[in-house]
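Data first, discussion second: the structure below is written as structure tokens.
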Amino acid sequence: MKIAFDASDMCTGRADGTTRYTTELAKRLPLLAKDVQWDFYGPCPAPTTWIPGQARDDNTGWHATPFPFAWTQTRFAWELFQNKPDVLFMPIQQLPIFRPHRTKTVAVIHDLAFHAYKGQFRYKDWLLLHTFSAQVANEADAIIAVSEATKDDIKKYYGRTHNVHVVHHGIDHDKFRVFSKEEKEAGMQKLQEKYPALRQAQGKYILFVGQIQPRKNIVRLVEAFELLLANTTYLTPTSPSKGEETNAGHPSPYEGEGEGDEVMLVIAGGYGWNNEEIYKRIAMSPFRDRIIVTGAVPDALLPTLYANAEVFVLPSLQEGFGIPLIEAAACGVPLVSSNVSSMKEIVGEAGVLIDPQNSEALAHGIQEAMNNKELYAKKSVHMASKFSWDKAAQETLRILKGVTHI
């Protein structure tokens, strides 16, 4: 069997969820099925992240096929006609319009948020997403949805229910794990060397990881952070008498330390799009000196960035899956996330779920997670243990092999 794998996302240099998904499956699938000839295609030389190991010599090949315009629909399509694979795997929600008639197709739909949030996408991106997602829904022999929420959206917007399989994203548990105190301290030192502003936090920060774009709801996160710092009901409640609890119903983790107001907000992620208002809102915050915007964090530093956080917050309006949730959870960090779409499905009872439209609810949720840090940290680790890239690759392989019988 010959399987063609569109690995073009690995040539973009992006650090988003789709790229991580593509990279992790590209590493694993050839090792799981050595009876398959795996042909990877991209408009660049094989990236360093593509390391199939022992599989490379016998059943795996990288086809560097550069082309200046519409690569998927032009050069890649031409390559498919030349090599005539049995199965085409598209880890993105797109198919080449022209492709060999006998080649079976499996495509992944990550997210259909552009239906509900048109105004939060650049028009060109919105139009392409609409066009190619509908094409996948109508033409793919099998579809992989990355969550039950996405599967429901495929039915809602396209009426497609047959051969739609849910395969959750995974996590590298060797990389994202609970670190020792010494490892966390060493990691924090490296983080502070790269991001000197973190020295102000003295190890206390609320963390967001994701692209800087409107759907991530960062403006409300900033508003919630301001409420935490400005309102003694939140971050710095009146110290209770010994043995008593705070007015939030739980002991404050900062109680007696006198450092509660030193907590920072760290916003880490790629530049994204339509984000001018987000950066303006951050700049206008009265607590601007307590907000650190790092840009995309190198992979080597990301695990300890999670591990040293007081709480991880993903208040998105919608997510197809939300990989940072399970990465943070695996590092033993309490979670606060939205009670909508896949986030509700993934987090469940492991974290604090909030209404993403309500900044005050978000502030309450962050406070609850910090006041019960040990409890939610344990829940996070247990939740993350259910997800792995190995499991995702195994389930994906089953679909790729099974599609030939459709």
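No value in this document is a laboratory result; all are computed from the given coordinates. Keep in mind it's a predicted model, so treat the numbers as computed, not measured. Because the Cβ atoms are built from the backbone with ideal geometry, glycine has one as well, and the counts that use them run over all protein chains shown.
Details
- GNM on the chain, alpha-carbon springs under 10 angstrom: the most fluctuating residue among GLY187, GLY269, GLY13 is GLY13.
- Segment 116-155 versus segment 363-406: alpha-carbon centroid distance in Å: 22 Å
- Springs join every pair of Cα atoms under 10 Å in this Gaussian network model of the chain, and among ALA377, ALA140, ALA116 the largest mean-square fluctuation is at ALA116.
- Only Lys, Arg (+1) and Asp, Glu (-1) charged, at Cβ; the chain dipole about Cα centre in debye: 1200 debye
- Here the Debye sum runs over all C-alpha atoms of the chain as equal scatterers in vacuum, and log10 of I(q)/I(0) at q = 0.13, 0.14 Å⁻¹ comes out as -1.10, -1.24.
- Where only DSSP H runs of four or more residues are counted, the chain gives -11500 deg cm²/dmol as its mean residue ellipticity at 222 nm, each run worth -39500 (n - 2.57).
- Straight Cα distances below 20 angstrom link LYS151 to the aspartates and glutamates ASP111, GLU139, ASP141, GLU319, GLU345, GLU395, with same-chain residues fewer than 8 positions distant left out.
- Taking a straight line from the alpha carbon of LYS181, these aspartates and glutamates sit under 19 Å away, with near neighbours fewer than eight places off in the same chain left out: GLU193, GLU310, GLU327, GLU374.
- Gaussian network model of the chain, Cα within-10 Å springs - most flexible of LYS204, LYS156, LYS184: LYS156
- Rel. contact order, % - alpha carbon contacts under 8 angstrom, at least six apart, the chain: 17 percent
- Using equal-weight Cα scatterers in the Debye expression, the normalised intensity of segment 128-185 in log10 at q = 0.15, 0.27, 0.29 Å⁻¹ is -0.55, -1.11, -1.20.
- Cα pair distances of segment 271-362 binned at 10 Å [whole percent]: 15, 41, 40, 4
- Restraint check, LYS27/LYS190; LYS2/LYS391; LYS280/LYS344; LYS124/LYS386; LYS34/LYS378; LYS184/LYS391, Cα-Cα greater than 32 Å: LYS124/LYS386; LYS34/LYS378
- Evaluated at q = 0.14, 0.23 Å⁻¹: base-10 log I(q)/I(0), Debye formula over Cα of segment 310-406: -0.53, -1.09
- Selection from GLN213, PHE132, LEU198, by position along the positive dipole direction of the chain (Cβ): PHE132
- Order of VAL311, VAL166 - criterion: other Cβ atoms within 10 Å of each residue's Cβ, fewest first: VAL166, VAL311
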